[in-house]
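Inspection log for the structure reproduced underneath, given as structure tokens.
The values are calculated or read from the model by the stated rules, or taken from the named source; none is laboratory data. The shown structure was predicted, so the numbers you read here are calculated from the model rather than taken from an experiment. Cβ placement follows ideal geometry from the backbone for every residue including glycine, while neighbour counts extend to all protein chains displayed. When the accessible area is computed, the model is the full protein with side chains, heavy atoms only, and any ligands, DNA or RNA have been set aside. Shrake-Rupley method; radii C 1.70, N 1.55, O 1.52, S 1.80 Å.
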Amino acid sequence: MRPRRAPVVAVIAGLAALLLGACAQVVPGVAVPDAAGSAPAGLETFYGQQIDWGPCAPFAATDEDRQIYADPALQCGRMQVPLDYAAPQGRTASIAVLRHAAPASPQRIGSLVLNPGGPGASGIQTAAYLASSLSSTEVGRRFDIVGFDPRGVGASEPAIRCLSGPERDADRRDDDTDPSPAGVASTEAEERQTVDLCSQRSGVDVLANVGTRDVAKDMDVLRATLGDPRLTYLGFSYGTRIGSTYAEEFPRNVRAMVLDGALDPDQDPTTELVEQGRGFQGAFDAFARDCTTRPNCPLGQDPAQATRVYQDLTRPLIARPLPLAGGRVLSYADAQQGTINALYVEAYWPRLNRALADLRAGQGNGLMTLADEYYERNPDGTYASSQDAFEAVRCVDDPRVTDPAQSLARAEAYNQAAPFLDSGRGVSAARDSCAFWPVPPTSQPHVPQVPGLTPPLVVSTTGDPATPYQAGVELARALGGSLLTKIGDEHTATFQNSPCVDDIVTRYLIDNTPAPPGATCPAT
């Protein structure tokens, strides 16, 4: 069980697969004024390029994407960056970019660049959906809405690829709950095999250069190609890690930065994982309290017993996965992941209620659908690259756990933090894929040093299940920013039906007005 940092696009519309391809070479265009002149040495060609904007249809891979990308107000193109910034004359990567341009007006400020999180979520898809709701707002009138697929993700090239669709299906069916020496050995053999496939199919040179360190550098190239002297940025969830990394690398290039659903930059990944588990337990408890007030709640009528009832519902799947139509089965892991997916946003609670009621009746389609949405499985059995990208970025961003004793202690702490996910079989000392990753980490947790940074605005939700509230407090302190507290149980809040949050964020983006001390927005 490896809950990931969910993208905000799950709130806006749901993720979709995008086209993939190979590396491209830089084709210099008309230079953005002063962009090449202010570029770091050796990167002048990249900073001076111009994106060749065109229709977004070629960037779509699903019917849902094709519908929204058909909007003539959306423009898409590609930006070239070095695959390895230490060797800018070598191989390049092609970054997919989408924008919704603000009306031509003296009131236009520039571009609002956004990232929806993950890591592995598509920024161009999120920007397309968000632009449709922002176009009539003050933000949409003052800013171009711009999204990009980080290197290795979505329509950017080369894409990270590890498992095929059938291989991912098989991985999801596997029972990784066996804590015996044989079970640990089997799980670790599968992890090693996944790493080998990632190396073969993606390339070790790609895996070595997909971390947040490199994405932040790409974002400064994007700022220059968009013609913005300084960056205005909105990052959700893992996107806050990109933002804080950019702030440290380019503090004087930031005009404004909203960071919603924060990751604590100085927190070690084990503590982060355990705190996330505690957050999901809190979200499950909130769901249970709501469910148990309703007739026929599948968790019973006593919220204090909801964790035990949930365990009783799901644990039998360990020995007997539930057969589904089409030859698939609902595994214990998929039941858990489908539940976790529904806990990100309160709007999914009715779906989780129905899915658990169906499971009690011997039907698993509801939980499987929720799990498929999380993993971005397409109807034809293929998958988006988000899960592969998540793994690759995580393994170069964080210190890895190679000691089985440490892995065991981490698993025990997670079980204690999130007992509803406890299999009842004891915990496994199996190490995850990062322990066997072929390239070393390129980042370490630390407090960013940001002299000259324009103070950011950090938004943190009290009951956020994926990125706990305190992480936002710590990030605001580390970056010298203001903090906006949102009351609620959902993951992230900006431009998600909270007029209070949106008003404070809008004033900050336009006027750099910080959140007032103690600013708090009510539940919505």
*Carbon-plus-sulfur fraction of the accessible area of the range 324-440, 1.4 Å probe, in percent?*
51
_Taking the Cα centroid of the range 115-191 and of the range 204-271, what is the distance between the two, rounded to the nearest whole Å?_
17
*Kindly work out what percent of the DSSP beta bridges joining two residues of the chain are antiparallel, to the nearest 5.*
45
*Once phi is turned into θ = phi - 60°, what whole-Hz ³J(HN,Hα) does the Karplus curve with 6.51, -1.76 and 1.60 give for every residue of the range 41-53, x standing for Gly and Pro?*
3, x, 10, 4, 4, 5, 5, x, 6, 10, 6, 8, 6
*How much FRET efficiency would the formula 1/(1 + (r/R0)^6) give for residue 174 and residue 137, where r is the Cβ-Cβ distance and R0 is 51 Å, rounded to 0.05?*
0.65
*asked:* Once each part is reduced to its C-alpha centroid, what is the distance from the range 57-75 to the range 309-329 in angstrom?
replied: 37
*asked:* At a 10 angstrom cut-off on C-beta neighbours, averaged per residue, how do the peptides 268-277, 382-391 rank from highest to lowest?
replied: 382-391, 268-277
*asked:* Applying a 10 Å radius around every beta-carbon, put 508-520, 355-367 in order of their mean neighbour count, most first.
replied: 355-367, 508-520
*List every residue whose amide H lies under 5 Å from the amide H of residue 237, counting only residues 5 or more places away in sequence or on a different chain, with H placed 1.01 Å from N in the peptide plane.*
260, 261
*How high is the relative contact order of the chain, in percent, counting Cα pairs under 8 Å that sit 6 or more residues apart?*
17
*asked:* Need the C-alpha centroid separation for the range 507-524 versus the range 365-387, integer Å.
replied: 36
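Kindly state, to the nearest 0.05, the FRET efficiency for residue 511 paired with residue 185, given R0 = 45 Å and r defined as their beta-carbon distance.
Working from the Cβ atoms, E equals 0.15.
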_Just to be sure I understand the model, the point goes 7 Å from the Cα along the line to the Cβ. What's the resulting residue 403 to residue 382 distance in nm?_
4.4
_the range 320-401 - percent relative contact order, Cα under 8 Å, separation 6 or more_ = 25
*Roughly how many percent of the accessible protein surface of the range 151-263 is carbon and sulfur, given a 1.4 Å probe and a whole-percent answer?*
48
*In degrees, nearest ten, helix 332-343 long axis to first principal axis of the chain (Cα)*: 50
*Given H placed 1.01 Å from N in the peptide plane, which residues other than close sequence neighbours of residue 110 have an amide H under 5 Å from its amide H?*
144
*Between residue 201 and residue 107, how many nm apart are label points set 7 Å from Cα along the C-beta direction?*
4.9
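Hey, any idea what % of the range 49-135's accessible area is carbon plus sulfur with a 1.4 Å probe?
Here it works out to 51 percent.
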_Give me, ordered by chain and number, the residues 5 or more places off residue 384 or on other chains with an amide H under 5 Å from its own placed amide H._
378
*Under 20 Å from a label point 7 Å along Cα→Cβ of residue 289: give me every residue in the range 488-502 with its amide N that close.*
488-493
*asked:* Calculate the FRET efficiency for residue 66 and residue 305 from the Cβ-Cβ distance with a Förster distance of 35 Å, rounded to the nearest 0.05.
replied: 0.15
*Determine the per residue accessible area of the chain with all protein chains present and a 1.4 angstrom probe, expressed in square angstrom.*
37
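For the peptides 177-185, 480-488, 372-380, what is the packing order when you average, over each peptide's residues, the other Cβ atoms within 10 Å and list the highest mean first?
Top to bottom by mean Cβ count within 10 Å: 480-488, 372-380, 177-185.
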*Going by alpha carbons, how many degrees (0 to 90, nearest 10) lie between the helix axis of 181-202 and the longest principal axis of the chain?*
30
*Do you know the relative contact order of the range 290-343, to the nearest whole percent, from alpha carbon pairs under 8 angstrom that are 6+ apart?*
19
